[in-house]
Each structure stands twice: as structure tokens, then as C-alpha cells.
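A quick write-up on the structure given underneath.
Derivation of every value follows stated rules applied to the coordinates shown; laboratory data play no part. Here the structure is a predicted model, which is why all the values come from computation and not from measurement. We place every Cβ from the backbone using ideal geometry, glycine too, and count neighbours over all the protein chains shown.
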């Protein structure tokens, strides 16, 4: 690796300005990389406008920048198509979106399986869904070493499990989930798999297709990008089958006094003004990460 830790620190504005600081809280929020900050400033000072709403020069430039950010995020997780990327305000919003939209396709008696090691963002929304709709909520225990006890999966999945939603890497113990074993068991029981990747993406680009999962969520502020932006990836056919979570501008096909039709994904799930500049900044951070020699790191 050509860079030493000190030269890397120089690429992060706060660390460069505070050479005596030892920042140990990246599990909560990483520092923003200079390229991401520059991208946000450049966007806000050269093409700040709303997206999908105008045909003037600034609006068209904003459209291009925003959709280029979507393409970058798709490359970062190796999505099959950019339309599988939904921008949100963070991993919490991504997980709540899925709990509502995918949750609306479930019926009483269907089961969602989570673990006792989940961040509240991937625990509470499923409890709320259970209380709201009458689904069943199962819990995967952890071993004494902090790993998910995947040996319990056959009995916990049963024949009515529709989704397994677990962390890819624990924010408390640092334990990584054995995704291959989890996916094989879940798909064998006809259940979909959601990974909360908030603590994994800062360790390098992901490959959702190689992982074999169905949904993936992460936050920009934990992978060297700006705050206020996150990503939900989902398989295209699953997103198409899900109803929207929020209603508003940008997510509709047609509105009449009698009824409304929905836009195709990802616009269906991006009601209102999305985090445009934040997405552009996140894309710059992801581009920087994709250039790093992760095998050496």
C-alpha cells in the first residue's frame, strides 16, 4: 500500500486539522473524505436544483449528477441494475422502508426472523410490524463467542418464514455473520434475506449478487460520506412487487381525484425531494473506496 496512516489522515479534513486527535468512534460515524466533501460543495455551488421536476439547465445537471450517483452505488454493491438502488436518509430509513413496504406484502401468521444481536434499527421496525399486522417475530440467539447461532435456523425458520433480517457485521462485538450458511437455509425455506450492512461497507465494496441476498441496507455517514443519506438495494423483481412506503411528489405514475398509480422502482420509493447533494457526496466516497487496495488493507 503506497499510503501510510499519516498521509491517509491528510485526506480527511477534520483529522488533517486536528493532528493530535485519535478518532475511535467510526462504528457510529466515520469522518468524511475530502473527495466527498468537495463533491457536495461542487454540486451545491454549480448545479443545485431539484430532480425529476425541471427541464432547465440546472435541473438537468442535477438529474445527471443524482442518477450518476445511483450508478456508482450500484457498482459498489454489484447490483444488476442502477434501478435496484433506492436512496434514503440512512440505514435506519432503509430498514424502516422495507419493514413497511415488504411488510405490507405479509399476512398474519407469516414470520420474520431477526437476531438478538441486531441494532435497534433492524429490531424495532419488525416489532412494530408485528404489533401492527400480527406477523410472527422469531429471534436467532447468539453463541458465547458473539456469533449468530445459525445451527438453530432449521427450527426457527419453520414453514412460514418470509424474511430473515440480520446484521452483516455486529456494531457491538464486531462479529461477522456467516452469510452463505444463512442464505442457504433461508432460501431453502423460501424466505428472503436482508442484510444490514451499516458496519460492513466501510471495509470495502460489497457484492450482493455473490452474497446471494435479496435486500441490503447501509448508511453514507459510516463509509466516509456525508450524513443524511443511505442506500437500500433490492432485487428488481422484489421491488416491483412492493407497494410504496411514503406518498408524495416523484413517486407517482398518475394522480386523479379517484386514484393514484405508482411509478416504477426506484422512484416509487423516493417520495419528495431526495438527499441529492448527499447522494453525490456519497458517490464520491464510494468511488474513492473502490480505488483502494482492499486486499492489502
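Could you work out which residue, out of 196, 25, 149, moves most in a Gaussian network model of the chain, that is, has the largest mean-square fluctuation with Cα springs under 10 Å?
25
With N set to the residue count of the chain, report its C-alpha Rg divided by 2.2 N^0.38 Å to two decimal places.
So the Cα radius of gyration is 1.03 times the expected 2.2 N^0.38 Å.
Which length gain, in nm to one decimal place, applies between residue 256 and residue 149 when the Cα-Cα distance is subtracted from 0.36 nm times their residue separation?
Full extension of this stretch gives 33.4 nm more.
Can you give the relative contact order of the stretch 144-297 as a percent, counting alpha carbon pairs under 8 Å and 6+ residues apart?
In percent, rounded to a whole number, it is 17.
Given contacts defined as C-alpha pairs under 8 Å and at least six residues apart, what's the relative contact order of the stretch 80-135, whole-number percent?
It comes to 43 percent, rounded to a whole number.
Show that you can apply the helix-only estimate: for the chain, add -39,500 (n - 2.57) for every DSSP H stretch of four or more residues, divide by all residues, and state [θ] at 222 nm to the nearest 500.
-10000 deg cm²/dmol
Calculated FRET efficiency, residue 38 and residue 160, Cβ-Cβ r, R0 45 Å, to nearest 0.05?
Efficiency for this residue pair is about 0.35.
What order, most packed first, do the peptides 91-101, 258-268, 7-17 have when packing is the mean number of other Cβ atoms within 10 Å of each residue?
Descending packing order for the listed peptides: 91-101, 258-268, 7-17.
Between residue 68 and residue 8, what's the calculated FRET efficiency when r is the beta-carbon distance and R0 is 30 Å? Round to 0.05.
0.70
Picking from 41, 208, 77, which is most flexible by a Gaussian network model of the chain using Cα springs under 10 Å?
In the Gaussian network model the winner is 41.
Consider all pairwise Cα distances in the stretch 86-135 and report the whole-number % of them above 17 Å.
Every Cα pair in the stretch 86-135 considered, those over 17 Å come to 32 percent.
Take the Cα pairs of the stretch 34-169, get the Kirkwood Rh, then feed it into Stokes-Einstein at 10 °C and 1.306 mPa s and tell me D in µm²/s.
89 µm²/s
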